[in-house]
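Structure record follows, encoded as structure tokens.
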Amino acid sequence: MKIGAMIESFRLDFPEAARAAREAGADGVQIYANGVVHADMTAAEKREVRRILEGEGLVLSAVCGDFGCEMFYRPESCRALIDREKLVMETALDLGTSIVTTHIGAVSEDETCPQYRTMQSVCKELADFADSVGGRFAVETGPEPAALLKRFLDGLSSRGVSVNLDPANLVMCSGDDPAAAVYLLRDYIVHTHAKDGIRKIAVDPRRIYAANFYGIPPAPAGAFEEVPLGEGGVDWNAYLAALRDIGYDGFLTVERECGEKPAEDIGRAVRFLKERI
């Protein structure tokens, strides 16, 4: 397995963040498609991104094409965002990765509800487009248990859909077991996040990710907390053993969404992982 870092987690300009990722010991980085990487990049901009990454000895592990969940629930008013996601998939390929990750909201257990149907329709369109260009549309775990996500993804019947497995999201939001999720989703996993967290209050995950789309109250503040690797509810020995068991050889990409000293936190996380993989 390889170790990556989310470039935005450093909270630095791109060249400085790439240097910090290399100094932290990362092999690659994931980048959001809302800054230095974006859907409308010129050929010169793409060359510059690749030049900077190559200069630091890094590769692009994935692009995060997360434009919010509305397009998965209200596609009729979000056609521009859906088309933009497709452009991001093509841009990612030009930058050296086939993987575009995103949150899609929260899958309902009720397959007959309108939210489930619209989510499947949009995900099917994006997954089929990814397949047509040689890419992977990677849904991030967390809002629902792995078994429910697998049922949803199986229903797409598309070779272009895959999973970005975030163990902390599973722990914090759905109370699921990341190691068990690896075995359930083994045929879909193409990228993972290395993050840890604690679930403080058990709530319906739809209230965390998509309350307004389901017409329910949002989750209370403090329902969960992200913490440094090894300090939360992820059983890293079991989780990494499961990844090895299924033959996963992709990225463990460190994502640090809080904390006062992100570069130090990421460096510790990289060392934590290197001691265990």
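The values are calculated or read from the model by the stated rules, or taken from the named source; none is laboratory data. All values derive from a computational prediction rather than experimental measurement. When we count neighbours, we look across all protein chains shown, and the Cβ atoms used for this are built from the backbone with ideal geometry, even at glycine.
Which members of segment 141-162 meet the condition of being under 15 Å from Y209 (Cβ atoms) and in contact (Cβ under 8 Å) with a residue 60 or more places away in the chain? Walk me through it before giving the result.
Our first condition is that a residue be under 15 Å from Y209 (Cβ atoms); within segment 141-162, this holds for 141-145, 148-149, 152.
If the condition is that a residue be under 15 Å from Y209 (Cβ atoms) and in contact (Cβ under 8 Å) with a residue 60 or more places away in the chain, then G142, P143, E144 are the ones that fit.
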Quick count over segment 33-67, residues being out of contact with any His (no Cβ under 9 Å at 6 or more places or on another chain) and of a type in the set (S, T, Y), is 1
Can you find even one residue in segment 126-136 that is of a type in the set (K, R) and within 18 Å of the chain's Cα centre (by Cα)? yes
Of the listed residues (G222, G250, G230, G215), the one being among the small types (G, A, S) and either touching a residue at least 60 places away in the same chain (Cβ under 8 Å) or in contact with a Leu (Cβ under 6 Å, 6 or more places away or on another chain) (or both) is G250
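Filter segment 9-60 for residues that are in contact with a Pro (Cβ under 7 Å, 6 or more places away or on another chain) and among the charged types (D, E, K, R) and give the result.
Step one: filter segment 9-60 for residues in contact with a Pro (Cβ under 7 Å, 6 or more places away or on another chain), giving 9-11, 52.
The one that is in contact with a Pro (Cβ under 7 Å, 6 or more places away or on another chain) and among the charged types (D, E, K, R): R11.
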The lone condition G233 fails out of (1) touching a Phe, Trp or Tyr at 6+ places or on another chain (Cβ under 8 Å); (2) small (G, A, S); (3) within 15 Å of M172 (Cβ to Cβ) is (1)
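Residues C113, C123: which one is without any contact (Cβ under 8 Å) to a residue 24 or more places away in the chain and either in contact with a Pro (Cβ under 7 Å, 6 or more places away or on another chain) or among the hydrophobic types (A, V, I, L, M, F, W, C) (or both)?
Values: C123 fails: without any contact (Cβ under 8 Å) to a residue 24 or more places away in the chain.
One residue alone meets the criteria, C113.
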Scanning segment 26-78 for residues that are crowded, with 17+ Cβ neighbours inside 10 Å, touching a residue at least 24 places away in the same chain (Cβ under 8 Å) and farther than 25 Å from R256 by Cα gives M41, M71, F72, Y73
Per the filter on segment 140-178, residues polar (S, T, N, Q), over 14 Å from T102 (Cβ atoms), touching an Asp or Glu at 6+ places or on another chain (Cβ under 9 Å) and in a loop (DSSP other than H, G, I, E, B) are S158
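Touching a residue at least 24 places away in the same chain (Cβ under 8 Å) and touching a helix residue (DSSP H, G or I) at 6+ places or on another chain (Cβ under 6 Å): which single residue out of R199, R244, R271 fits that description? Working first, answer last.
Working: R244 fails: touching a helix residue (DSSP H, G or I) at 6+ places or on another chain (Cβ under 6 Å); R271 fails: touching a helix residue (DSSP H, G or I) at 6+ places or on another chain (Cβ under 6 Å).
Every option except R199 fails the conditions.
I need the full set of residues from segment 258-269 which are acidic (D, E) and assigned to a helix (DSSP H, G or I), in order please.
Taking segment 258-269 as the starting set, the residues that turn out to be acidic (D, E) are 260, 264-265.
Once the filter is applied, which keeps residues that are acidic (D, E) and assigned to a helix (DSSP H, G or I), segment 258-269 yields E264, D265.
To keep it simple, each residue is scored yes or no on (1) of a type in the set (S, T, N, Q); (2) closer than 30 Å to P228 by Cβ; (3) buried (at least 24 other Cβ atoms within 10 Å of the Cβ); (4) in contact with a helix residue (DSSP H, G or I) (Cβ under 6 Å, 6 or more places away or on another chain).
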{"site": "S108", "(1), (2), (3), (4)": "yes, no, no, yes"}
{"site": "Q120", "(1), (2), (3), (4)": "yes, no, no, no"}
{"site": "E125", "(1), (2), (3), (4)": "no, no, no, no"}
{"site": "S132", "(1), (2), (3), (4)": "yes, no, no, no"}
{"site": "P143", "(1), (2), (3), (4)": "no, yes, yes, yes"}
{"site": "P167", "(1), (2), (3), (4)": "no, yes, yes, yes"}
Of D249, D187, D176, the only residue that is at pLDDT 95 or above, over 16 Å from E140 (Cβ atoms) and out of contact with any Lys or Arg (no Cβ under 8 Å at 6 or more places or on another chain) is D187
